1. Working carefully through the options Val167, Val120, find the one that is at pLDDT 95 or above and among the β-branched types (Val, Ile, Thr).
2. Among helices (runs of 4 or more DSSP H) lying entirely in segment 249-355, which contain 2 or more residues that are over 26 Å from the mean Cα position of the chain (by Cα)?
3. Could you please let me know if Thr213 is open to solvent by 50 Å² or more (accessible area, probe 1.4 Å), part of a strand (DSSP E or B), at pLDDT 90 or above and not aromatic (Phe, Trp, Tyr)?
4. Do we have Ile311 as surrounded by fewer than 16 Cβ atoms within 10 Å (Cβ to Cβ) and in contact (Cβ under 8 Å) with a residue 40 or more places away in the chain here?
5. Pairs, please: C-beta under 9 Å, at least 6 apart or cross-chain, first residue open to solvent by less than 50 Å² (accessible area, probe 1.4 Å) and basic (Lys, Arg) and in segment 134-157, second modelled with pLDDT of 95 or more and not in a strand (DSSP E or B)?
6. Going through segment 266-281 one residue at a time, which ones are touching a residue at least 24 places away in the same chain (Cβ under 8 Å) and at negative phi?
7. Out of the residues in segment 276-308 that are within 16 Å of Gln355 (Cα to Cα) and not hydrophobic (A, V, I, L, M, F, W, C), state the one that is least open to solvent (accessible area, probe 1.4 Å).
Amino acid sequence: MSKRSKGKFFLRLLMVFAVAIAVSLGALYLLGGDKATLRAGLEGNLSQASGYDVRIGTLNNASFFPFLEIDIADVRFHQAVPGVVIDAGRVRAPGRVDAVTEKPMPGPVVATIDSARLKVSFGDLILSRTRFRVLDINGIRVDRATTGYRAIALDRVGIDADQSALVIAGTYGDDAVSARLDMHNDGSANSPIWRVADDAVLTASVGAVSLQTGFDTGLLGGAVLNITQFGLAGHPATGAVKIGRHNGGLRLAGEPELTLGGVKIAPDITFGDTSEHAARVHGTVRVSGADAAATELADLYAALAALATPIPGTQAAEKAALFWGDALDHIQVNENEMADESVSLRTSAFLKILQSAPAESAP
C-alpha cells in the first residue's frame, strides 16, 4: 500500500459522507432543482446520517460539478416527534406536477453547528481519494444528554493552511480538547488540495490525557500507531498498537507491546466481532511488571475512566455496562511471561491494580 494511504481513516468518514451528498445533489441538479430543493436534499442526507431531524438555517452554496461544494450555516439537529408531520411546502420538478413535501415536526434541539464548508473534487470522489479543497466546520455543540457522557463544544474542526494541519479545538465538559494532524498540500497556495501527509504525526489531548503518534500503514492493512506518548505527563505509555479490521469488527494488538514504567502490556483484543460464536469483545492481554507500576497504572486508569464514565441511567450507561460485561468475561489475561496460564480479566490481579483507582472510576 502506498504511503499516501497513511492516516486515511481519520478522514474517510467525511469522504464517504461527501460521496452520499454528491449522489443526492447530482440527482437533484439533473432534475433542475432550485435552492429550496437542494436544501431539502441536504437536510435529508444529514438526517439519515445522524438519526436526528436536521434543519439548515442558511444555505449559502451547494454545487455538484466539477466540485462538490457545500456552504451552510445555522444547522440544528432536533429530536424528531414520532408520528407528527408538517407541510414543508411544494416542490416542482420539470414536467411534473407539484408534490407536497412533508417533514417530521421538530423536537428539542440536541446539537448545533454554526457553519460548515466542504469542497471536494468530483474526480477525487470517483477515484476514492481522500483529499479536500476546503474543510472548515465551526461551532459544533452537542448537549450532555445526547452524548450520554459530557457536553461537547468544538470551536473548530478544519484544515489550517498556515499550520498545514487538520486542527480541532474545543472542550469536552470542563476539559480542554485539542488535536493536530499533519496534512500535505498537493496543489498550490491559491488552489490547495489537502491530504494526510506521508509522515503525518497526530497530537491530541483531552484534559490531562495526551497522545502523540505516527503511522506506518493504511487502514486496509491495519494502521500501526507508533506511539511516542500516551497518558499523563511524567509517566506516559509508549510503544506501538496495530488497529485493523477483523471479522467485521476492529482488532487492537500490541506491536509488540506498550510500556508504562516497569509494566509491559501486549493486548490482542477484537471489538464488534460478527463471527457466529464470538463475543462482541474478546481477546487476550499479556501483562508483566504490573506490581512495579501500580501507581502509574491506577493514575492513568482513573484519568481515562473519568473521561469515559457515562451518565447513570442513560443509553450510554447501558451500552458501557454491556461492553464491560463482555470484556471482563471474554478477555483472558496472562500475568506471567514464564507460564501459559491465563485467567479472565474479571479475576485478574491486573484488574485489581486498576481498581485501586477511585471506586467511581472502576468498571
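1. Values: Val120 fails: at pLDDT 95 or above.
Going through Val167, Val120 in turn, just one is at pLDDT 95 or above and among the β-branched types (Val, Ile, Thr): Val167.
2. Numbers: elements: 294-307, 315-330, 349-354.
Per the criteria, 294-307, 349-354.
3. So Thr213 fails the test.
4. Numbers: surrounded by fewer than 16 Cβ atoms within 10 Å (Cβ to Cβ): yes; in contact (Cβ under 8 Å) with a residue 40 or more places away in the chain: yes.
So Ile311 passes the test.
5. none
6. Pro267, Ile269, Thr270, Asp273, Thr274, Ser275, Ala278, Ala279, Arg280, Val281
7. Tyr301
The rows are residues; the columns are (1) of a type outside the set (A, V, I, L, M, F, W, C); (2) buried (at least 16 other Cβ atoms within 10 Å of the Cβ); (3) not in a strand (DSSP E or B).
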site: Thr37; (1), (2), (3): yes, yes, yes
site: Ala40; (1), (2), (3): no, yes, yes
site: Ala49; (1), (2), (3): no, no, yes
site: Val54; (1), (2), (3): no, yes, no
site: Ala62; (1), (2), (3): no, yes, no
site: Phe65; (1), (2), (3): no, no, yes
site: Leu68; (1), (2), (3): no, yes, no
site: Asp71; (1), (2), (3): yes, yes, no
site: Asp74; (1), (2), (3): yes, no, no
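The values are calculated or read from the model by the stated rules, or taken from the named source; none is laboratory data. This is a predicted model, so every value here is computed, not measured. Counting neighbours? That spans all protein chains shown, and the Cβs are built from the backbone with ideal geometry, glycine included. Please note that ligands, DNA and RNA were not included when accessible areas were found on the heavy atoms of the full protein model with its side chains. Shrake-Rupley method; radii C 1.70, N 1.55, O 1.52, S 1.80 Å.
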